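Okay, so here's the structure we're looking at.
Quick note: the coordinates plus some simple rules give every number you see, no bench work behind them. Because the structure is a prediction, the values reported are computed rather than measured. So basically every Cβ, Gly included, is an ideal-geometry build from the backbone, and we count neighbours across all protein chains shown.
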Amino acid sequence: MAQETTLFIYLRLGSSHRAILRSELFPTLRSNPNLRLVIISPLGDEAYLRGEFQSGNVFVERLPKTRADGLERKLKKLKNYIWLSHNPPQTFRIRRERTRRGRLSGRLRVLWEESVAAFMSVLGITEKSVGGWEIALFRRRRIARLFDRYRPDAVLFTKLHSTNIHVVKEAKKRNVETVCFVEGWDNPTSKGPFSVEPDHILVWNDCMKREIVEHHGFPAEKIDVVGVPQFDFYYDRSKFCGREEYFRKHGFDPARKLIAYCVAGGTIARTEPLIVDMLYRAMMEGQVKSPAQLLVRLHPTTHGDYLKQFDRFKGLPHLILQPAGRVAKIQDGWDPSRDDMTRLAETMIHSNVVVNVQSTISLDAIAFDTPVIGIAFEGDGPHDYLDSYRRYYDYTHFNPVLRNGGLRLAGSLAELIEHVNRYLDDPSLDAEGRARVRKEQMYALDGKSARRAGEAVLKAIGLRPGGAEAQRRADLGSAPAKLESPSEA
């Protein structure tokens, strides 16, 4: 009988639950009968999560609450300073220049960071040196007890940059294999240096792979390009309802075209309520030539006083507010159910145009060939480039979408209305650009990305798929862990 291998699946975000657990990645891992899976999540005590996943050789544990201490935070800052002194991505160049041109305190901070980095260079201290100190000094009893209980052979995780990814730090301290599936396309270029360097990395596309090699010095041979697992859900469109049913379910007027405004996450675009108001008024005043209605899809991180600013849109004719999905006590504020995932897909399919401020939702829309408009104005007067939304589209991860012609930028309300009218009149506009984005950013929209990811994880920890999948590959005479390229898929 083969020896059992234990894999920790360490998830801190609701979006990670979607990409890892609610895709074929998880069943691919589970197919190996000699693999014990332990899901570690802040939602581990939730009955619905245990009911959905815990059975047989699968266990669900609540992530112990731990916080980054002062020393961890200082070491992370030092690592940032050193990393920024080498070859920072365009995203960080823009951010640093914005800080430099701001208040005196910002200029002094940049000077301090550059001076510290130069001194570390003289001493021969690198990011890896600092990372080694972090691991050597790391102690968290609650995390250690979890490792003592299950004795994992490997850890799968999704966040490379958080200071308090303590499960991964404990793994490195114990020389346990670590595999990171980088689920956010902006992560290699917008989050800074790795908090912990994994043994293997999985990414969506070749762009991310190049970025990790170029900006983080990680070996290319330890990176697998697999596609976007959460987009596998979009492959079989037969499970999604038609336009008439979708409009009926959500109270839309079937005689009107649908403009979807998807609110950005966090605080990157604080004037969005104003922009929504401007777009709605223009639509109601007839500036949008086709009869239309506005869907405002809220982001999972839209909350508090900022969320209340959208209350003024409730009950307005031809405007509907749509929540992102199931709210959860987790870092990104949601844990999308399959119904939530279906609703998002159907919203992207049946919207005539999607509007947003530099959001990943652009890729969701482009996956369905739905036209996208990027908001590049604030609505409250002209702003300097470094204080404007326009700068976001020059960020390293997002600029290829613009460069490939995957969306149109609106630098004013007039441009926004012009683009809306053109797309409503002819949705095939920029279809070639959207196709280029799909090819470059999504690797292969073939419904097999999650399976490729699962197989890559198994390969990294010395295993292979089990059951029917293993037999299928044996019959074909192929290596069990070989990853399929788009041309093979």
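Using just its DSSP H runs of length 4 or more, each adding -39500 (n - 2.57), the chain gives a mean residue ellipticity at 222 nm of -12000 deg cm²/dmol after division by all residues.
Restricting segment 93-137 to chymotrypsin sites (Phe, Trp or Tyr not before Pro) that sit in a DSSP loop and have at most 15 other Cβ atoms within 10 Å of their own Cβ leaves nothing. A Cβ-based charge dipole, computed about the Cα centre of segment 205-299 with Lys and Arg at +1 and Asp and Glu at -1, lands at about 440 debye. Need the list of lysines near Lys448 for cross-linking: C-alpha distance under 21 angstrom, and skip anything on the same chain fewer than eight residues off. Within the straight-line cut-off, Lys448 pairs with Lys209, Lys222, Lys239, Lys439, Lys459, Lys482. DSSP beta bridges fully contained in segment 236-441 are about 5 percent antiparallel. Taking Lys and Arg as +1 and Asp and Glu as -1, the other residues whose beta-carbon sits under 10 Å from that of Glu183 total +2.
Extension gain, Leu429 to Asp236, is 67.0 nm, computed as 0.36 nm per intervening residue step minus the present C-alpha separation.
Partners of Lys289 within straight-line reach, counting lysines whose Cα lies under 19 Å from its Cα and excluding those fewer than 8 residues away in the same chain: Lys257.
Once amide H atoms are placed 1.01 Å from N in the peptide plane, what residues at a sequence separation of 5 or more from Arg36, or on another chain, have their amide H within under 5 Å of its amide H? For Arg36, the qualifying residues are Thr5, Thr6, Leu7. Counted by neighbouring Cβ atoms within 10 Å, the residues Arg18, Arg422, Arg438 run from fewest to most as Arg422, Arg438, Arg18.
In the chain, taking the dipole from charged Cβ atoms about the Cα centre, the farthest positive-side position among Met284, Gly433, Leu344 is held by Leu344.
Evaluating 6.51 cos²θ - 1.76 cosθ + 1.60 at θ = phi - 60° for every residue in segment 363-375, the Karplus couplings come out as 5, 4, 5, 5, 4, 9, 6, 8, x, 10, 10, x, 6 Hz, glycine and proline recorded as x.
Once backbone amide H atoms are built at 1.01 Å from N, Val355 has Ala260, Tyr261, Cys262, Ile373 as its partners under 5 Å, excluding neighbours fewer than 5 places away on the same chain. 3J(HN,Hα) couplings calculated from phi for segment 175-186 with the Karplus curve 6.51 cos²θ - 1.76 cosθ + 1.60 (θ = phi - 60°) are, in sequence order, 6, 8, 4, 10, 10, 10, 8, 7, 7, x, 5, 8 Hz; Gly and Pro show x.
All C-alpha to C-alpha distances of segment 236-441, sorted into 5 Å bins beginning at zero, yield P(r) values of 1, 7, 16, 20, 22, 19, 11, 4, 1, 0 percent in whole numbers. For segment 100-107, backbone phi angles converted through the Karplus equation (6.51, -1.76, 1.60; θ = phi - 60°) give residue-by-residue couplings of 5, 8, x, 5, 4, 4, x, 5 Hz, Gly and Pro being listed as x. The amide H of Val228, built 1.01 Å from its N in the peptide plane, has Ala444 as neighbours under 5 Å, considering only residues 5 or more places off or on other chains. The residues Ser190, Ser449, when put in order of fewest to most other Cβ atoms within 10 Å, stand as Ser190, Ser449. The residue list Pro382, Ser121, Val155 was ranked by how far each Cα lies along the charge dipole of the chain toward its positive end, using unit charges on Cβ atoms, and Ser121 comes out on top. Within straight-line reach of Lys74, meaning a Cα separation under 28 Å, sit the following lysines at least 8 residues removed in sequence or on another chain: Lys65, Lys128, Lys159, Lys169, Lys172, Lys173, Lys191, Lys329. Sort the chain into rounded, prolate or oblate with this rule: let a ≥ b ≥ c be the square roots of the eigenvalues of the Cα gyration tensor; rounded if a/c is under 1.5, and if a/c is not under 1.5, prolate when a/b is larger than b/c, oblate otherwise. Oblate is the answer for the chain, as a/c is 1.5 or above yet b/c matches or exceeds a/b.
Spatially, segment 187-229 and segment 1-20 are offset by 19 Å when compared through their Cα centroids.
Rounded, prolate or oblate: which one fits segment 268-354, using the alpha carbon gyration tensor with axes a ≥ b ≥ c (rounded when a/c is under 1.5, else prolate when a/b beats b/c, else oblate)? Here segment 268-354 falls in the oblate category.
I'd like the antiparallel share, as a percent to the nearest 5, of DSSP beta bridges with both residues in the chain.
Details: 2 of 47 bridges.
Just about 5 percent of them are antiparallel.
In plain terms, the residue of Cys241, Cys207, Cys180 with the fewest other Cβ atoms within 10 Å comes first and the most crowded comes last, giving Cys241, Cys207, Cys180.
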